[in-house]
Amino acid sequence: MTDVAGWWRDAVIYQVYIRSFADADGDGIGDIDGVRLRLPYLRALGVDALWLNPWYRSPMVDGGYDVADYRDIDPSFGTLAGAEELIADCHHHGLRVLVDLVPNHTSDQHAWFREAVSAGPGSAERARYWFRPGRGDAPPNDWRSSFGGSAWTQLPDGEWYLHLFAPEQPDLNWDNPEVLAEFDSILRFWLDRGVDGFRIDVAHGLAKDASLPDIGAEPPPRGSAHPHWDRDEVHEIYRRWRRVIDAYGGDREFVAEAWLDDISRLARYVRPHELHTAFNFDFLTCPWDAAALRAVIDKTLTALHAVGAPATWVLSNHDVVRHRTRYGRAETGFAFADRRRLYGSPVDLALGERRARAAALLSLALPGGAYVYQGEELGLWEVEDLPVSLIRDPSWARAGETRDGCRVPLPWSGTEPPFGGAAWLPQPREWEVLTAERQTGDPDSMLELYRRALSLRKELPALGDGGLVWEPDARRGVLDFRREPGFRCLVNLSDSPVVVPSGGSVIASSAPLTSGRLPVDAAVWLG
Ligand code: NOJ
């Protein structure tokens with residue numbers, strides 16, 4: 001299969017944060033058997049593939065993004081045999097499977113790092129990571145961890161090691177051929193087990209300027225001038241991985257997690273012979289504003305079209321405040337650098353829900369593929385009052401921020417928390433009306449809206465890959481575009497209802513029309 005025909009060009013990929021998805025053994029922690037049990041739910045939802053957050057053996061300091069063994073499953077999630085069975089079950093249900101590859105860092109409990117610590121300064125074992133002497137009592141440079149504080153931790157023997165995330169996540173040295181060879185082998189290990197692709201964690205972080213210069217008070221933009229984000233050398237690695245994956249027949253894909261300042265830099269990751277797709281974080285962070293959304297949509301399509309790659313449309317994931325909450329605030333967009341500033345500020349959840357419904361129809365109508373983060377199809381909101389004693393996110397201790405509010409276990413059934421199983425974080429009692437059981441069959445529910453939209457996506461040739469044409473005479477504040485053959489989508493972000501044009505029948509709407517008008521904060525599909 002060539003790129004042009006690749007399944008990822010229009011796939012809807014459902015993100016499974018295993019720990020919080022479904023718990024089969026009743027210990028409060030979601031597991032692989034829980035995912036297996038819920039495959040009929042995902043099939044009925046109508047998604048095409050699953051992206052599984054890391055499931056490898058891990059001390060779970062950062063939800064599994066601290067991998068101790070890339071070729072084994074964490075016992076809290078299940079076994080390697082169970083993982084193989086899940087992959088087979090997914091395929092049986094017609095679902096593809098992407099696993100999460102974590103190449104920027106290992107766990108400090110990984111065999112390599114333990115060997116590096118005991119082998120001592122100057123050893124080949126330390127050369128797999130970034131070990132350096134300090135500057136007097138100070139760390140080797142001024143780099144900061146994404147979770148707050150210095151990016152360096154000192155060992156008792158005096159040397160420091162680099163970690164762009166938690167101290168338990170030492171950064172690998174991608175200049176070292178052993179690291180390259182090891183990850184080729186890890187890719188093959190999972191490809192041999194039938195996975196359909198990989199989500200690449202911190203795809204913009206692997207290459208570092210080996211002279212490890214200070215960044216200074218005014219960091220350069222992410223890109224070739226930055227010592228560790230989005231350096232040009234990183235593309236060599238992806239060209240190499242592309243050769244590895246292509247040897248498996250051409251229908252496996254890579255998706256990059258890369259937080260960059262500029263979509264034209266993102267497009268470089270999805271050039272021919274590199275990765276296939278990348279998460280569209282410009283769309284995710286965009287305010288609920290027609291002009292801003294249209295600008296992001298146009299920029300995305302232009303930049304990605306230039307390199308022949310499909311767009312992806314993403315509203316939420318396990319690292320950001322759930323969009324029902326974001327869209328219910330006075331300030332609806334955010335910048336990655338200060339992503340937590342609005343945390344806990346007032347929110348109108350009814351408004352957030354209306355907009356989230358409209359955003360679902362918008363994102364599923366745009367050209368390309370889409371991601372659904374578990375629970376957005378149920379209309380879950382961010383839980384911002386978690387008991388501090390239960391917070392596990394490492395950024396809590398280092399920076400007073402937590403992403404756990406979007407990782408609260410899904411409510412499946414019943415009328416009291418925990419809804420349908422034990423839960424490692426408490427669910428709001430109000431989620432009683434949001435359980436999958438309660439929403440199933442209720443035509444006004446978020447779940448049925450997603451099901452309808454996803455089933456139409458499969459049915460209508462206009463949806464998925466392709467292009468769009470904006471209506472030239474759309475009212476200010478209204479997103480209005482056509483896709484051929486015979487499809488039109490309108491989203492009303494203005495402050496009054498708009499007349500729904502004649503000439504097509506309403507096939508889906510996020511809110512009831514009132515006298516032929518589309519209410520504020522609503523979307524409609526015409527076909
Ligand atoms: C991005 C992941 O999505 C996030 O959850 C994790 O903390 C960092 N990368 C570090 O691996």
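No lab work stands behind these numbers, since they all come straight from the coordinates. For clarity, every value in this text was computed on a predicted model and none was experimentally measured. For neighbour counting, all protein chains shown are included, and Cβ atoms are generated from backbone atoms with ideal geometry for every residue, glycine included.
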- [ ] Give me the orientation-averaged projected area of the Cα convex hull of segment 111-162, in nm², one decimal.
- [x] 3.8 nm²
- [ ] Would you be so kind as to identify which of His105, His93, Pro75 lies farthest towards the positive end of the dipole of segment 70-118, taking Lys and Arg as +1 and Asp and Glu as -1 on Cβ and the Cα centre as origin?
- [x] His105
- [ ] Of all alpha-carbon pairs in segment 224-292, indicate the percentage at a distance above 13 angstrom.
- [x] 68 percent
- [ ] Principal axes first, then extents: for the Cα atoms of segment 181-328, list largest minus smallest coordinate on each axis, whole Å, largest first.
- [x] 44, 39, 30
Open item on the list: With just the Cα atoms defining each centre, how far is segment 268-328 from segment 384-423? Give it in Å.
Closed with: 27 Å
Task: Solution diffusion estimate, µm²/s, Stokes-Einstein, segment 260-360, Kirkwood Rh from C-alpha pairs, 20 °C, viscosity 1.002 mPa s - done: 149 µm²/s
Open item on the list: Quick check: convex hull over the Cα atoms of the chain, volume per residue in Å³, rounded to an integer?
Closed with: 145 Å³
- [ ] State the answer as a single residue: which of Val500, Gly486, Leu468 lies farthest towards the positive end of the charge dipole of segment 465-526, with beta carbon charges of +1 for Lys and Arg and -1 for Asp and Glu, about the Cα centre.
- [x] Val500
- [ ] Report ³J(HN,Hα) in whole Hz for each residue of segment 147-155, in order, from the Karplus equation J = 6.51 cos²θ - 1.76 cosθ + 1.60 where θ = phi - 60°; Gly and Pro get x.
- [x] 9, x, x, 5, 8, 10, 10, 9, 8
Task: As computed over segment 465-526, the Cα convex hull volume per residue (Å³) - done: 87 Å³
Open item on the list: I'd like the trypsin sites (Lys or Arg not before Pro) in segment 416-479 restricted to DSSP loop residues with at most 12 other Cβ atoms within 10 Å, sorted by number.
Closed with: Arg476
Open item on the list: For Leu50, what residues show an amide H to amide H distance below 5 Å, using hydrogens built from the backbone and excluding near sequence neighbours?
Closed with: Tyr14, Arg96, Val97, Leu98
- [ ] Please list 309-317, 43-51 highest first by mean number of surrounding beta-carbon atoms within 10 Å per residue.
- [x] 309-317, 43-51
Task: For segment 111-162: relative contact order, % (alpha-carbon pairs under 8 angstrom, 6 or more apart) - done: 30 percent
TODO: Determine the calculated [θ] at 222 nm for the chain from helices alone, applying -39500 (n - 2.57) to every DSSP H run no shorter than 4 residues and normalising by the residue count; nearest 500 deg cm²/dmol.
DONE: -7500 deg cm²/dmol
Task: Net charge dipole size for segment 331-382 [Lys, Arg +1 and Asp, Glu -1 on Cβ; Debye, nearest 20] - done: 100 debye
Task: Isotropic mean projected area of the C-alpha convex hull, segment 60-135 (nm²) - done: 6.7 nm²
Open item on the list: Considering all projection directions equally, how large on average is the shadow of the alpha-carbon convex hull of segment 394-522, in square nanometres?
Closed with: 12.0 nm²
TODO: Only Cα pairs under 8 Å and at least 6 apart count here; give the relative contact order of the chain as a rounded whole percent.
DONE: 13 percent
TODO: With N set to the residue count of segment 307-400, report its C-alpha Rg divided by 2.2 N^0.38 Å to two decimal places.
DONE: 1.18
